[in-house]
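Just below is one structure, and these are the notes that go with it.
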Amino acid sequence: MQKKFFWLLGVMVLFTTGAGCLQFGNKAQGPMGIYQSSDKGESWKASTAWPTVAGVKSISGLNVYRLHNDPSDPKAMYIATRGQGVFYTLDSGVSWQNIPALDGKFIYGLAVDPKSKCTVYVSDGQHIFKTTDCLRSWNNIYSEERPDQRVVSVAVDYVNSNLIYAAVLGGDILNSTDGGKSWKITKRFGFQLQYLISDPFNPGRVWAAAYQSGLYRSDNGSDWNDLSPGLENYTDANKFYRLVLNPGKKDSVFWISKYGILKSDDAGNNWTEMKLITPPGSVNIYSFAINGKNQNEMYYTGTILGEKNVHVRSTLYKTTDGGKNWVTKKLPTNTIPVWMLVNPDKDNVLSLGFATL
């Protein structure tokens with residue numbers, strides 16, 4: 001049952017379809033893990049070094065689910081994996097370490113306290129774990145007792161570190177006002193949730209994305225605004241892939257769906273379509289990033305899957321003029337690009353996570 005769920009979730013949500021200039025054979029499969037570019041996507045290098053007591057190993061076999069920046073440390077980044085726990089770097093990807101306590105777990109959600117980098121929350125679906133001593137020890141602060149449910153995302157408020165949010169697959173929003181000591185359900189949406197994120201520019205604001213029911217915003221953690229009506233003008237725009245808050249502009253948000261990429265500059269009340277090389281609905285987009293220091297620089301990837309969801313090809317698309325023109329760039333491996341980040345300090349550095357079905 002669990003394997004079937006993972007397969008369906010992977011097909012529907014975690015990956016995307018894109019068209020591009022680099023093609024691979026159906027049977028090909030290469031490294032996964034993390035690749036980094038220090039020249040804004042022109043060239044790539046694997047970021048794989050994993051020093052251990054037994055020597056330096058490689059993380060090229062990591063099946064990436066999501067990447068997470070540390071809001072207070074541009075050199076720190078976390079990898080949430082599909083069944084291989086959490087890996088992290090404190091030196092911008094020069095080297096990586098794992099967290100033994102989380103080995104073997106599918107990591108659905110991860111959030112770093114914006115005010116205390118040593119406080120991190122992680123969800124493996126059935127539990128939420130918390131560390132306050134820089135990953136050394138972990139406490140189980142929430143258990144989901146319903147066997148058909150899982151915690152798919154966690155978030156920490158950017159001003160009040162005691163205010164924690166969590167989204168449950170079946171549609172419940174959990175809220176803790178004491179750093180995870182106690183929890184209550186503040187909203188029951190009644191449909192499948194996929195992602196939840198707190199807003200760095202607006203204290204108390206949190207966003208929740210559903211797989212086929214659109215986008216919702218709360219400005220106080222309890223009352224929710226349905227932003228889905230603004231998406232209805234775009235075919236299949238309710239079929240969610242990614243939600244990206246603009247790191248350089250307040251109230252600016254990008255909604256990535258089966259349709260393509262939509263942008264809002266008024267906190268999701270109104271949407272405009274970004275004109276892409278790929279026609280609307282023709283590709284699925286699994287990773288998108290914008291340079292917080294230069295709003296004209298944006299990136300997205302497109303992936304095409306063939307029979308039995310075998311990877312056919314993926315391409316990186318880049319714009320330097322705010323989306324008026326796009327160019328294509330080759331990717332470094334023939335696995336599927338699923339999550340991209342621009343380094344908030346050195347904006348020439350991109351990190352891109354890869355996975356397979």
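No value in this document is a laboratory result; all are computed from the given coordinates. The shown structure was predicted, so the numbers you read here are calculated from the model rather than taken from an experiment. Every residue, glycine as well, gets a Cβ built from its backbone with ideal geometry; the counts of neighbours run over all protein chains shown.
Do any of LYS263/LYS329; LYS45/LYS346; LYS40/LYS308; LYS115/LYS318; LYS130/LYS184; LYS40/LYS130 go past 28 Å between their Cα atoms, and which? Mind dumping the intermediate values first?
Working: LYS263/LYS329 23 Å; LYS45/LYS346 16 Å; LYS40/LYS308 33 Å; LYS115/LYS318 33 Å; LYS130/LYS184 17 Å; LYS40/LYS130 34 Å.
As for pairs spanning more than 28 Å Cα to Cα, those are LYS40/LYS308; LYS115/LYS318; LYS40/LYS130.
Kirkwood hydrodynamic radius (Cα pairs, Å) of the range 201-247?
Computed over the range 201-247, the radius equals 11.4 Å.
Let me have the 222 nm mean residue ellipticity of the chain computed from DSSP H runs of 4+ only, each contributing -39500 (n - 2.57), with the sum over all residues rounded to the nearest 500.
So the calculated ellipticity at 222 nm is -500 deg cm²/dmol.
Considering only Cα-Cα distances, which of the following residue pairs are longer than 31 Å: LYS249/LYS275; LYS258/LYS330; LYS258/LYS293; LYS117/LYS293; LYS181/LYS239?
LYS181/LYS239
Could you pull out the trypsin sites (Lys or Arg not before Pro) across the range 253-335 that fall in loop regions by DSSP (anything but H, G, I, E, B) with no more than 15 other Cβ atoms inside 10 Å?
Sites meeting the loop and neighbour criteria: LYS275, LYS293, LYS324, LYS330.
Please list, in chain and number order, the residues 5+ apart from HIS311 or on another chain whose amide H is under 5 Å from its amide H, with Hs placed from the backbone.
HN-HN under 5 Å from HIS311: GLY306.
Got a sec to turn the phi values of the range 276-283 into Karplus ³J(HN,Hα) couplings, 6.51 cos²θ - 1.76 cosθ + 1.60 with θ = phi - 60°, whole Hz, x for Gly and Pro?
Working through the residues one at a time gives 10, 5, 7, x, x, x, 8, 9 Hz.
LEU110's amide H: which non-local residues (gap 5+, or another chain) put their own amide H closer than 5 Å, with H modeled 1.01 Å from N in plane and none for Pro or chain starts?
Sorted by chain and number, the residues that satisfy this are SER123, VAL154.
When N is the residue count of the range 156-209, what does its C-alpha Rg come to as a fraction of 2.2 N^0.38 Å?
1.08
Output ³J(HN,Hα) for the range 196-206: one whole-Hz value per residue in order, computed from phi by the Karplus curve 6.51 cos²θ - 1.76 cosθ + 1.60 with θ = phi - 60°, and x for Gly and Pro.
Along the range 196-206, the couplings run 8, 8, 8, 9, x, 8, 10, x, x, 8, 9 Hz.
Provide the gained length on full extension for the span SER137 to GLU273, in nm with one decimal, where the gain is 0.36 nm per separating residue minus the Cα-Cα distance.
Details: separation 136, 0.36 × 136 = 48.96 nm, distance 4.52 nm.
Gain on extension, SER137 to GLU273, equals 44.4 nm.
For the chain, which span is the longest to avoid every loop-located (per DSSP) member of GluC sites (Glu not before Pro) having at most 15 other Cβ atoms inside 10 Å? Mind showing how you got there, number by number?
Details: sites that count: GLU42, GLU145, GLU232.
No qualifying site falls inside 233-357, the longest such stretch.
Can you tell me the alpha carbon radius of gyration of the chain divided by the globular rule-of-thumb value 2.2 N^0.38 Å?
The chain yields a ratio of 0.92.
When the Kirkwood radius is taken over all Cα pairs of the range 160-313, what Stokes-Einstein diffusion coefficient follows at 25 °C and 0.890 mPa s, in µm²/s?
149
Length gain on complete extension for the stretch ASP178 to VAL159, per 0.36 nm per residue less the alpha carbon to alpha carbon distance?
On the way: separation 19, 0.36 × 19 = 6.84 nm, distance 1.35 nm.
Extending this stretch completely gives an extra 5.5 nm.
Report the local net charge at LEU62: Lys and Arg +1, Asp and Glu -1, summed over other residues whose C-beta lies under 14 Å from its C-beta. Walk me through the numbers before you get to the answer.
Values: positive: LYS57, ARG66, ARG82, LYS105; negative: ASP103.
So the environment of LEU62 carries a net charge of +3.
For ASP266 and LYS75 in one chain, what is 0.36 nm times their gap in residues minus the Cα-Cα distance, to one decimal in nm?
Stretched fully, the ASP266-LYS75 segment lengthens by 65.7 nm.
Sticking with the crude label model, points 7 Å out along Cα→Cβ, report the distance from PHE191 to LYS45 in nm, one decimal please.
For the pair PHE191/LYS45, the computed spacing is 4.6 nm.
Go through the range 249-256 residue by residue and turn each phi into a ³J(HN,Hα) via Karplus (6.51, -1.76, 1.60, θ = phi - 60°); whole Hz please, and just put x for glycine and proline.
Here the 3J(HN,Hα) series is 8, 5, 6, 9, 9, 10, 10, 10 Hz.
In terms of modelled amide H atoms, which long-range or inter-chain residues lie less than 5 Å from the amide H of LEU331?
Sorted by chain and number, the residues that satisfy this are LEU316.
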